[in-house]
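Colleague: Have a look at the structure that comes next, please.
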Amino acid sequence: TPIMTITLKKETEITGNGLMKNKPCKVKFFPSDTGKIRYFVSGEEFSADVDNVVSTEHCVVLGKNKAKAMLTEHLTAALAFCGIDSLDICMDEMEVPALDGSSKQWVELFKQAGINKPLLYKPKQYTVSEPVYYLNGKTSLVILPDDELFISYAVNYSHPDLTRRWVNYNPKNQEEIIEARTFGFYKDLRKFQMFGFAQGVTIDNTVGLKDEGYTTPLRSEMEPVKHKILDLIGDLYLTGVNPLNLKCQILAKEAGHAVHLKVAKKLKEKLIEIK
C-alpha cells in the first residue's frame, strides 16, 4: 500500500526577510510523497525532526553540518494546522522569512496552492503510553493521555495584561492562534539589535510589550499567549506526529522553545497510535 500523505497540489513559493538578520530569503515548496518534511539548504538535506534541532536560543534552528534553517516554528505550526505531513522545502538563505510574525501567511500560501488529501485519508490519532513532563522551578510542561486534545498555556510576564494569565486552545479559537504574532519586550529591542539579532523586527511582524499596552493593536485578546500555543504546536510537530492529532492534555506554564523541544524529544519515544 502507498504511504498515505498530505502534501500540496502544486509547487509554490514566497519571499520575505528574516526576523533576526533581515536578509531576503526565497522559499520554494514542492509536493512530495515521502511522508517527511524535508529542508534543502546550501546543498544539505535535513528533515523537520526534533533530532535535527541545533539551537533554540532566539528561535528554533534546524540544521545539518553548516546548513541551517532558522525560525522554522511558525512554518511548522502552519503545516500542523493544514495537516500537511509531506513536503520538500528549498531555501536560498538560512533564515525562514518572518512574514507577519505568525502562521497566517504560511497557511494562506498553502491553501492557495491547494492541499492534496487522499480520498480515503483518515489522520492517525496518537496518545502517550505514560505521562511526559518537564518540571523546573516556575516552568512546567506536562502531556497526559486523554479522550481528546486539550492545550492550556499559562504565562507570567511583567506586563499588566500578561501577569498570571492563560489561554486554552480549542477549534473555535484556531484562527486567532494561527494569526497570533511573535512578541517581545520593547525595551530589550535596542540591546538585541546591538548584538546583531532582531534586525528584521517591524511594527507589523512583532508585538512589542510596553510598560502599559503594546506597540501595535492586538489582533485578538491576549495575542502573545496565543502565540505561545502556536510556537508549542510548531515545536511538537517535530516529533513526526502532528500535535493536533494527539488525544492528550498538554499543560504548559512559563515555558519556551528549549523546554518545548526537551519535551518533544521525550514525547517522540512515548507516542502510541490509537487503533
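The values are calculated or read from the model by the stated rules, or taken from the named source; none is laboratory data. All of these numbers come straight from a predicted model, not from anything done at the bench. No Cβ is skipped: glycine too gets one built from the backbone with ideal geometry, and neighbour counts run over all protein chains shown. Heads up: the accessible areas ignore ligands, DNA and RNA and are worked out on the full protein's heavy atoms, side chains in. Shrake-Rupley method; radii C 1.70, N 1.55, O 1.52, S 1.80 Å.
Colleague: List every residue pair whose Cβ atoms lie under 7 Å apart, where the two residues are 6 or more positions apart in sequence or sit on different chains, the first residue falls within the range 44-58 and is part of a strand (DSSP E or B) and at pLDDT 95 or above, and the second residue, located anywhere, is among the small types (Gly, Ala, Ser) and open to solvent by less than 40 Å² (accessible area, probe 1.4 Å).
Modeller: Pairs that qualify, where the first residue is part of a strand (DSSP E or B) and at pLDDT 95 or above and the partner is among the small types (Gly, Ala, Ser) and open to solvent by less than 40 Å² (accessible area, probe 1.4 Å), are Glu44/Ala67; Phe46/Gly63; Val54/Gly63.
Colleague: Pull up the range 162-210, narrow it to residues that are open to solvent by 60 Å² or more (accessible area, probe 1.4 Å), in contact with a helix residue (DSSP H, G or I) (Cβ under 8 Å, 6 or more places away or on another chain) and not in a helix (DSSP H, G or I), then point me to the one that is nearest to Leu79 (Cα to Cα).
Modeller: Trp166
Colleague: In the range 1-18, which residues are surrounded by 16 or more Cβ atoms within 10 Å (Cβ to Cβ) and either farther than 27 Å from Ala198 by Cβ or at pLDDT below 95 (or both)?
Modeller: Met4, Thr5, Ile6, Thr7, Leu8, Thr12
Colleague: Follow-up question, since we're still on this one. Which of the numbered conditions does Leu218 fail, given that it passes all the others? Conditions: (1) closer than 14 Å to His159 by Cα; (2) within 20 Å of the chain's Cα centre (by Cα); (3) open to solvent by 20 Å² or more (accessible area, probe 1.4 Å).
Modeller: In the conditions (1) closer than 14 Å to His159 by Cα; (2) within 20 Å of the chain's Cα centre (by Cα); (3) open to solvent by 20 Å² or more (accessible area, probe 1.4 Å), Leu218 misses (1) alone.
Colleague: Right, here's the next one. Could you tell me which of the residues Leu75, Leu79, Leu62 is closer than 26 Å to Leu189 by Cβ, at pLDDT 95 or above, among the hydrophobic types (A, V, I, L, M, F, W, C) and not in a strand (DSSP E or B)?
Modeller: The unique qualifying residue is Leu75.
Colleague: For the range 77-94, name all the residues that are open to solvent by less than 10 Å² (accessible area, probe 1.4 Å) and within 17 Å of Cys25 (Cα to Cα).
Modeller: Result: Ile89, single match.
Colleague: Then there is this: Filter the range 71-95 down to the residues that are over 24 Å from Leu149 (Cα atoms) and under 12 Å from the mean Cα position of the chain (by Cα) and list them by number.
Modeller: Correct list: Leu71 only.
Colleague: Only one residue in Leu238, Leu232, Leu246 is open to solvent by less than 10 Å² (accessible area, probe 1.4 Å), out of contact with any Phe, Trp or Tyr (no Cβ under 9 Å at 6 or more places or on another chain) and within 22 Å of Thr127 (Cα to Cα), so which one is that?
Modeller: Leu238
Colleague: Among the numbered conditions (1) more than 24 Å from Glu44 (Cβ to Cβ); (2) crowded, with 20+ Cβ neighbours inside 10 Å, tell me where Leu119 comes up short.
Modeller: (2)
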